[in-house]
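A.B. asks: The structure is given below, and queries will be raised subsequently.
The values are calculated or read from the model by the stated rules, or taken from the named source; none is laboratory data. Please read all numbers here as calculations on a predicted model, not as lab measurements. No Cβ is skipped: glycine too gets one built from the backbone with ideal geometry, and neighbour counts run over all protein chains shown. The protein model used for the area step is the full one, side chains on, heavy atoms only, and it has no ligands, DNA or RNA in it. Shrake-Rupley method; radii C 1.70, N 1.55, O 1.52, S 1.80 Å.
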Amino acid sequence: RRKKIIFFASSFIFILSGVVTAYLRIFNPVYKGSFTLLINDPISSSSKREVNIDKSLFEDLALNSTDNDIPTLITFLKSPFLLNPIANNYDIPIDVLSRMISINRARIDREFAEGILKVNIQINSRQKGQNILSDLTEVYLQAALNQKQQKINDGLLFLNKQAPSIQEKT
């Protein structure tokens with residue numbers, strides 16, 4: 001008698017889970033989209049060069065080389081500062097949009113790739129997901145461009161302030 005109960009109970013659970021899965025896939029699908037961001041220059045060898053304390057500050061400013069703090073960068077990319085225009089455009093609360101987006105270090109052959117982030121989004125509307133992904137790429141690229149320009153301007157300002165003292169030393 002127990003074998004029949006266990007068989008019917010497990011069959012019922014299996015069939016019920018199959019029906020629920022089919023229902024959710026047909027009537028409430030979840031779409032996933034992604035893109036990758038390159039956050040380090042793969043061509044430059046600045047990370048492998050030897051550090052000379054006297055020249056490293058000026059060289060780093062002149063070459064515009066940086067070391068990225070990945071967790072801080074991920075937090076910045078999911079911040080309301082960047083996501084607010086997109087959230088307002090699609091009438092989505094910022095915290096909901098932030099939860100839809102996941103940003104992780106990219107993997108290549110079971111190892112983390114240096115300087116590459118993978119941005120994923122999961123949403124229930126395919127067209128809306130594609131539009132949000134394209135808007136995210138534009139916002140992220142514009143933010144990167146603005147940060148790069150600000151860093152270059154700050155570096156030039158610093159070097160211009162240091163130029164008289166360096167000329168006196170030489």
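A.B. asks: I'm trying to understand the selection: among the residues of the range 93-103, which are touching a Pro at 6+ places or on another chain (Cβ under 6 Å) and open to solvent by less than 40 Å² (accessible area, probe 1.4 Å)?
C.D. replies: none
A.B. asks: Right, next: Can you spot a residue in the range 67-80 that is in a helix (DSSP H, G or I), modelled with pLDDT of 90 or more and loosely packed, with under 10 Cβ neighbours inside 10 Å?
C.D. replies: No, the range 67-80 contains no residue that is in a helix (DSSP H, G or I), modelled with pLDDT of 90 or more and loosely packed, with under 10 Cβ neighbours inside 10 Å.
A.B. asks: Can you say whether Tyr90 is closer than 27 Å to Ile26 by Cβ, at pLDDT 90 or above and either open to solvent by less than 70 Å² (accessible area, probe 1.4 Å) or in contact with a Leu (Cβ under 8 Å, 6 or more places away or on another chain) (or both), as far as the supplied structure shows?
C.D. replies: Judged against the criteria, Tyr90 is a match.
A.B. asks: Limited to the range 1-32, what total is found for residues that are exposed (fewer than 10 other Cβ atoms within 10 Å of the Cβ) and hydroxyl-bearing (Ser, Thr, Tyr)?
C.D. replies: Selection size over the range 1-32: 0.
A.B. asks: Show the residue pairs meeting these rules: Cβ distance below 8 Å; 6+ apart or different chains; first residue within the range 81-110 and closer than 17 Å to Thr36 by Cβ; second residue assigned to a loop (DSSP other than H, G, I, E, B) and among the charged types (D, E, K, R).
C.D. replies: Ile101/Lys78; Ile103/Lys78
A.B. asks: Return yes or no: is Leu63 at pLDDT below 90, open to solvent by 50 Å² or more (accessible area, probe 1.4 Å) and aliphatic (A, V, I, L, M)?
C.D. replies: Working: at pLDDT below 90: yes; open to solvent by 50 Å² or more (accessible area, probe 1.4 Å): yes; aliphatic (A, V, I, L, M): yes.
Taking the combined requirement at face value, the residue satisfies it.
A.B. asks: Against the condition surrounded by 13 or more Cβ atoms within 10 Å (Cβ to Cβ), modelled with pLDDT of 60 or more and under 30 Å from Asn160 (Cβ atoms), how does Asn84 come out, does it pass? Steps first, please.
C.D. replies: Working: surrounded by 13 or more Cβ atoms within 10 Å (Cβ to Cβ): yes; modelled with pLDDT of 60 or more: yes; under 30 Å from Asn160 (Cβ atoms): no.
No, not satisfied.
A.B. asks: Would you check which residues across the range 105-130 are open to solvent by less than 90 Å² (accessible area, probe 1.4 Å) and in contact with a Pro (Cβ under 8 Å, 6 or more places away or on another chain) and list them?
C.D. replies: Of everything in the range 105-130, just one residue is open to solvent by less than 90 Å² (accessible area, probe 1.4 Å) and in contact with a Pro (Cβ under 8 Å, 6 or more places away or on another chain), namely Gly115.
A.B. asks: Restricting attention to the range 131-153, which residues are open to solvent by less than 80 Å² (accessible area, probe 1.4 Å), charged (D, E, K, R) and over 20 Å from Asn84 (Cβ atoms)?
C.D. replies: Listed by number, the list holds a single entry, Lys151.
A.B. asks: Quick one: count up the residues across the range 100-121 that are of a type in the set (D, E, K, R), over 20 Å from Ser134 (Cβ atoms) and in a strand (DSSP E or B).
C.D. replies: Kept after step one, since they are of a type in the set (D, E, K, R), are these residues of the range 100-121: 105, 107, 109-111, 114, 118.
Still in the list and also over 20 Å from Ser134 (Cβ atoms): 105, 107, 109-111, 114.
With in a strand (DSSP E or B) added as a condition, the list becomes 105, 107, 111, 114.
Qualifying residue count for the region: 4.
A.B. asks: How many of the residues in the range 122-170 are assigned to a helix (DSSP H, G or I), among the aliphatic types (A, V, I, L, M) and under 21 Å from the mean Cα position of the chain (by Cα)?
C.D. replies: Matching residues across the range 122-170 total 8.
A.B. asks: Can you give me the number of residues within the range 87-118 that are of a type in the set (D, E, K, R) and within 14 Å of Ile74 (Cα to Cα)?
C.D. replies: Initial filter on the range 87-118 (of a type in the set (D, E, K, R)): 91, 95, 99, 105, 107, 109-111, 114, 118.
From what's left, within 14 Å of Ile74 (Cα to Cα): 99, 105, 118.
Matching residues across the range 87-118 total 3.
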